[in-house]
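Heads up, the thing below is written out as structure tokens.
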Amino acid sequence: MIKLIAFDWNGTLLADLRPTVTAENRCFQKLKFNRRLSIRQYQEFYEIPIRNYWLKLGFDASYFDKHTKQVHQAFMDFYEPLEKTCRTRGGAKDVLKWLKKRRISAIIFSNHMKNHIVRQTRRLGLWPYLDEILGRPDHDHSHMHVQNKALQLKTYLRNKRIKPREVMVVGDTDEEIIIGHKYGYHATALTGGHQSQKRLKVARPEFLIHNLKNLKPIIAKLNADSAKN
Ligand SMILES: [Mg+2]
């Protein structure tokens, strides 16, 4: 029985692929890093921790480690004004309403800053349908070097006494799928976000969808099957 859906934020509930690539390219330019990415190229390279992705692009590791804060700030200076203009991914509100009606908990677990997510979920009308937002504090740049949202989710579930098999994680990158495998959650990959479909498939998601509304029959079937047993 699925009791909780943990959604990733960027690229999953928030349609910020294009603005992110624009901000990345402006950021590269500002740092005099001679790279320019198309959306397709970005989808082939992007990953968390951000450090891995920048190094794969050829950025200098010691500069990155020394100037992590400045690299992050340069990106945010370009990303933040664009963030305010982003819409939700197709079917986002629809599926959140559907979950609320069925008393299935919906939360966000993200590497992004919690304050930003709160502001955007309010602006976009998603806020009333969410039970919790797990994100990082404004001045924490740990996502540049490590993956940590999995641990936040694990702690949250333990406090709520929700078992791994009662959880579905949904994300647009392999990070969420890998977390699903590692902790024993169900996992759904959403295409059209920050990684290519090919990369998502390599991570072997249990389900792969092209629109968030397609989560509804998946959850309904899992819960019908568990009611039979
Ligand atoms: Mg994402």
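The values are calculated or read from the model by the stated rules, or taken from the named source; none is laboratory data. Source: prediction; values computed, not measured. Because the Cβ atoms are built from the backbone with ideal geometry, glycine has one as well, and the counts that use them run over all protein chains shown.
If you go through region 36-49 and keep only what is farther than 20 Å from ALA15 by Cβ and touching a residue at least 24 places away in the same chain (Cβ under 8 Å), you end up with just PRO49. For region 58-65, indicate whether the set of residues that are farther than 16 Å from GLY171 by Cα, surrounded by fewer than 16 Cβ atoms within 10 Å (Cβ to Cβ) and either in contact (Cβ under 8 Å) with a residue 12 or more places away in the chain or within 15 Å of the ligand (Cβ to nearest atom) (or both) is non-empty. The answer is yes, given that some residue of region 58-65 is farther than 16 Å from GLY171 by Cα, surrounded by fewer than 16 Cβ atoms within 10 Å (Cβ to Cβ) and either in contact (Cβ under 8 Å) with a residue 12 or more places away in the chain or within 15 Å of the ligand (Cβ to nearest atom) (or both).
Looking across region 78-89, the residues that are under 30 Å from PRO217 (Cα atoms) and surrounded by 15 or more Cβ atoms within 10 Å (Cβ to Cβ) come down to CYS86, THR88, ARG89. Tell me whether region 139-149 contains one or more residues that are of a type in the set (Ser, Thr, Tyr) and under 30 Å from LYS66 (Cα atoms). For region 139-149, residues of a type in the set (Ser, Thr, Tyr) and under 30 Å from LYS66 (Cα atoms): present. Yes or no: GLY58 within 26 Å of ALA92 (Cβ to Cβ) and at pLDDT 90 or above? Taking the combined requirement at face value, the residue does not satisfy it. Those helices (runs of 4 or more DSSP H) of region 111-218 in which at least 1 residues are hydrophobic (A, V, I, L, M, F, W, C), within 14 Å of the ligand (Cβ to nearest atom) and more than 18 Å from PRO49 (Cβ to Cβ), considering only elements entirely within it, cover 114-123, 197-202.
Determine, yes or no, whether SER105 is in the same structural domain as LEU151 (by TED's automatic domain parsing) and either of a type outside the set (Phe, Trp, Tyr) or closer than 30 Å to GLU166 by Cα (or both). So SER105 passes the test.
Within region 38-75, the set of residues being within 17 Å of ASN111 (Cβ to Cβ), aromatic (Phe, Trp, Tyr) and not in a helix (DSSP H, G or I) comprises TYR46 only.
Inside region 99-157, can you point out the residues that are in contact (Cβ under 8 Å) with a residue 12 or more places away in the chain and among the β-branched types (Val, Ile, Thr)? Listed by number, the residues that qualify are ILE104, ILE107, ILE108, ILE117, VAL118, THR121, ILE133, VAL146. Of all the criteria given as (1) within 16 Å of the ligand (Cβ to nearest atom); (2) of a type outside the set (A, V, I, L, M); (3) assigned to a helix (DSSP H, G or I), the one not satisfied by ASP94 is (1).
Filtering LYS69, LYS100 for residues that are among the charged types (D, E, K, R) and closer than 28 Å to ILE209 by Cα leaves a single hit, LYS100. Scanning region 1-37 for residues that are assigned to a loop (DSSP other than H, G, I, E, B), out of contact with any Gly (no Cβ under 7 Å at 6 or more places or on another chain) and within 16 Å of the ligand (Cβ to nearest atom) returns TRP9, LEU13, ALA15, ASP16.
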